[in-house]
Amino acid sequence: MAGRVSAFVRRWLPLVVLLCLAFLAVGCKVLDGTAIHPSWVSHPISRQGVTAFVGHGSDSNSFNARLEALSDILSQLSESLGEDVSASGWRTFSTTDKLPDYDLSVVREFESGSDIWLMAEASTSAIESRRTNLQKVKLQQDALVKEMMEDVDAAYRDNRDGVAISTLLDAIYACATQPSSYDTQSLVRLAVSYMNAIRISLSKRDPRGPRVVVKVRRRQIMFNPKVVDTSIRATFDATDVWGNPRTDSLLFGSGERGQFQFVPYSVAISDKGSIVFSLDVADKLERLRQVLDAGLYASLEAAYQSSQVSFPYDRVSKYSGSAMLVGVVNAGPFDKDRVEASLSSWLLGKGVGSTVVELGGEMDEEALRLIHQKNPGATYLLAMEIREEGRTDIADIPLWIVTGNIQLWNLQSQSLVDQSGEMTLVEESLEDAYQQVLQVVTDRFSEYL
C-alpha cells in the first residue's frame, strides 16, 4: 500500500508543483467574487530603491477611467511627499505617464469592465530628497510666519489694527503658498475677527464740499479705543477731461488721533456720488483670492466689506449758476475745438455755464481789456494754454514734451483769481502728451471750482 502511494506521489508531484508555480507566476486572485485581478492591484511589491503606487479609476469611458487612475496616483504621491503636486504634475503625467522629478512612471496596467488599475514606480531617494527639502522650507517658512505673528501681536497691542491686519494677511499668504506648520484657517479666522472689530464712523459732514471727518475705532464691550496709524482708502467716481467715467481713490492715515479729515484735493471727483472709506487691504485680499479656498476667501471679503462706510455727497461749485468765458491759447497741432468743447462740458458738469471766445497770445492787461470790452456782461474767463516744448530721444525712443496751464481771470477787476500752475508731461505720442496734460491740469484745477 505504502509503495503504491509513493509511486502516485512520484508520478503526479511534478505536475502539481508546475501548476502551483504557474498560479503564483500569474499572481491572480478573485476580488469581490466577480473577477480575477493581478495581485499587484492590492499588494504592490516594490523593488529595492523604488516606491510603488497603484491608482484606480472607474468610468464607462476607458480614457476617463485611466485619467482618474493617474490622478489617484498623483494624490498618493502628494500624500507621501507632504505637499500637493497634483496641479503642477498633472499635465506632464497625464500625457506621458511619467513625472521626471521623481522618476515616476507607469509600469503596469490592468482593465476589467469599466475599472482600470495602474501601477507606477518612483525613485525612493527622489521622494526622500524632496521631503528633506520641504522640511527645510517648512522650517524657514515657520520662522518667517512666527516673526510676522509677533509683529501682528505687537501692532494690535498698540492699537495699530490696520498694521496688524495687513501683516496678518501677509502671513496668511505665506502659509497658503509655502509649506508651513501654521494653520491657515486659524489665521483667517483671526483676520476676520480683527476686521469685524473695525468701526469707521463719520462726523462733521459737508456733502456740498465734500468734506467729512473720518474716525477709526475698535469695537469692544466696554469702550471703543481709537485705532492709530491705520491706512484708510477713500474710493469714488471721477471723470477725465473728456467726460469719461473712471474710479479714483485717495489714501489717508488715522494718525495718532485715530481720525482724519477727508478733502477731495486736486482730483476730478464726480460732482455727485458716494465716497467709500475702507481699510487699505484690497490689493492683499485680491492676492489671496488666487490661493485660498473659496469659503475662506469669502469670509475675509465679507469682514472687509462690513468695516466699510459710505458717504453720499452732492458737490456744488462756488461758481455754480454763473457763466464763464472759455478760451484756449496756443493749442499747437492739437484739436483746439475739441479742447474747448471738453472744457465747456467739464464746467457744465459743475453747474457752470460757458461761452467759447477766441484768444490771442499771452493773457496780458491789454488782452483782458479787449475781451472784457467785447463781452461786457462776463465776469470770469477760464483760459487754458497748451504748448509743445519739443521732442527728445531716449534710448532711440522719441518722447514729446508738452506743458499746460489753466488760469481763471476776473474780467471786472482784470485780476488773476486762481491757476493750476504749469504742468509738464512726457509721452511717446504727441497726442497722448496733450491729452495727459489736459487730464492733469483739469484735475488739479478742480479744487478751485
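Name the residues in the range 73-86 that are at pLDDT 85 or above and either open to solvent by less than 50 Å² (accessible area, probe 1.4 Å) or part of a loop (DSSP other than H, G, I, E, B) (or both), would you? Selection gives I73, L74, L77, S78, V85, S86.
Specify the residue that is most open to solvent (accessible area, probe 1.4 Å); the eligible residues are those in the range 134-147 that are without any contact (Cβ under 8 Å) to a residue 40 or more places away in the chain and of a type in the set (A, V, I, L, M). Ranking the candidates gives L139 first.
Which of the following residues is under 16 Å from the mean Cα position of the chain (by Cα) and at pLDDT 95 or above: A298, A294? Only one candidate passes the filter, namely A298.
Can you name every residue in the range 96-106 that is open to solvent by 70 Å² or more (accessible area, probe 1.4 Å) and either at pLDDT 95 or above or assigned to a strand (DSSP E or B) (or both)? Within the range 96-106, K98 is the sole residue that qualifies. Screening A323 on (1) under 30 Å from L169 (Cβ atoms); (2) surrounded by 15 or more Cβ atoms within 10 Å (Cβ to Cβ) shows it passes everything except condition (1).
Would the range 363-374 turn up any residue that is of a type in the set (K, R) and either more than 17 Å from N330 (Cβ to Cβ) or touching a Leu at 6+ places or on another chain (Cβ under 9 Å) (or both)? Among the residues of the range 363-374, at least one is of a type in the set (K, R) and either more than 17 Å from N330 (Cβ to Cβ) or touching a Leu at 6+ places or on another chain (Cβ under 9 Å) (or both), which makes the answer yes. Got at least one residue in the range 343-361 being touching a strand residue (DSSP E or B) at 6+ places or on another chain (Cβ under 7 Å), of a type in the set (F, W, Y) and open to solvent by less than 50 Å² (accessible area, probe 1.4 Å)? No, that holds for no residue.
Residue-wise test of (1) of a type in the set (F, W, Y); (2) touching a residue at least 40 places away in the same chain (Cβ under 8 Å); (3) under 29 Å from R208 (Cα atoms).
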| residue | (1), (2), (3) |
| --- | --- |
| R338 | no, no, no |
| S345 | no, yes, yes |
| L348 | no, no, yes |
| T355 | no, no, yes |
| L359 | no, no, no |
| R387 | no, yes, no |
| G390 | no, no, no |
| W409 | yes, yes, yes |
| R444 | no, yes, yes |
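For L169, indicate whether it is in contact with a strand residue (DSSP E or B) (Cβ under 6 Å, 6 or more places away or on another chain) and in contact (Cβ under 8 Å) with a residue 40 or more places away in the chain. Taking the combined requirement at face value, the residue does not satisfy it.
Looking at V426, is it within 48 Å of the chain's Cα centre (by Cα) and within 19 Å of D335 (Cβ to Cβ)? Steps first, please.
Working: within 48 Å of the chain's Cα centre (by Cα): yes; within 19 Å of D335 (Cβ to Cβ): no.
Considered against the rule, which asks whether it is within 48 Å of the chain's Cα centre (by Cα) and within 19 Å of D335 (Cβ to Cβ), V426 comes out as no.
Within the range 366-385, restricting attention to residues that are without any contact (Cβ under 8 Å) to a residue 24 or more places away in the chain and closer than 22 Å to K318 by Cα, which residue is least open to solvent (accessible area, probe 1.4 Å)?
Taking the range 366-385 first, the residues without any contact (Cβ under 8 Å) to a residue 24 or more places away in the chain are 366-367, 370, 373-374, 376-377.
So of that shortlist, the ones also closer than 22 Å to K318 by Cα come out as 376-377.
Working: P376: 91, G377: 74 Å².
Among those that are without any contact (Cβ under 8 Å) to a residue 24 or more places away in the chain and closer than 22 Å to K318 by Cα, it is G377.
Output the residue which, of all residues in the range 148-164 that are in contact (Cβ under 8 Å) with a residue 40 or more places away in the chain and touching a Lys or Arg at 6+ places or on another chain (Cβ under 9 Å), is farthest from T184 (Cα to Cα). Give the derivation first.
Of the range 148-164, the ones in contact (Cβ under 8 Å) with a residue 40 or more places away in the chain are 158-163.
Narrowing further to those that are touching a Lys or Arg at 6+ places or on another chain (Cβ under 9 Å): 159, 161.
Working: N159: 24, D161: 20 Å.
Going through the qualifying residues, I end up with N159.
Quick check on the range 281-295: of everything there that is touching a helix residue (DSSP H, G or I) at 6+ places or on another chain (Cβ under 7 Å) and open to solvent by 40 Å² or more (accessible area, probe 1.4 Å), which residue is farthest from S249 (Cα to Cα)?
Applying the first criterion (touching a helix residue (DSSP H, G or I) at 6+ places or on another chain (Cβ under 7 Å)) to the range 281-295 yields 281, 284-285, 287-289, 291-292.
From what is left, the residues that are open to solvent by 40 Å² or more (accessible area, probe 1.4 Å) are 284, 287, 289, 291.
On the way: K284: 16, R287: 19, R289: 22, V291: 26 Å.
Ranking the candidates gives V291 first.
From the list F110, F93, the one residue that fits, being part of a strand (DSSP E or B), aromatic (F, W, Y) and over 29 Å from the mean Cα position of the chain (by Cα), is F110.
Per the conditions (1) charged (D, E, K, R); (2) over 30 Å from S180 (Cβ atoms); (3) open to solvent by 50 Å² or more (accessible area, probe 1.4 Å), the sole criterion not satisfied by R131 is (2). When the range 253-275 is filtered for residues that are surrounded by fewer than 16 Cβ atoms within 10 Å (Cβ to Cβ) and part of a strand (DSSP E or B), the ones remaining, listed by number, are G253, Q261, K272, S274.
The rows are residues; the columns are (1) modelled with pLDDT under 85; (2) within 15 Å of R444 (Cα to Cα); (3) among the hydrophobic types (A, V, I, L, M, F, W, C).
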position	(1), (2), (3)
H372	no, no, no
G390	yes, no, no
D393	yes, no, no
P398	yes, no, no
L408	no, yes, yes
S413	no, no, no
T424	yes, yes, no
E431	yes, no, no
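The values are calculated or read from the model by the stated rules, or taken from the named source; none is laboratory data. Predicted model only: the values in this text are computed from it and were never measured. Positions of Cβ are backbone-derived with ideal geometry, glycine not excepted, and every protein chain shown enters the neighbour counts. Only protein heavy atoms, including side chains, enter the accessible area calculation; ligands, DNA and RNA are left aside. Shrake-Rupley method; radii C 1.70, N 1.55, O 1.52, S 1.80 Å.
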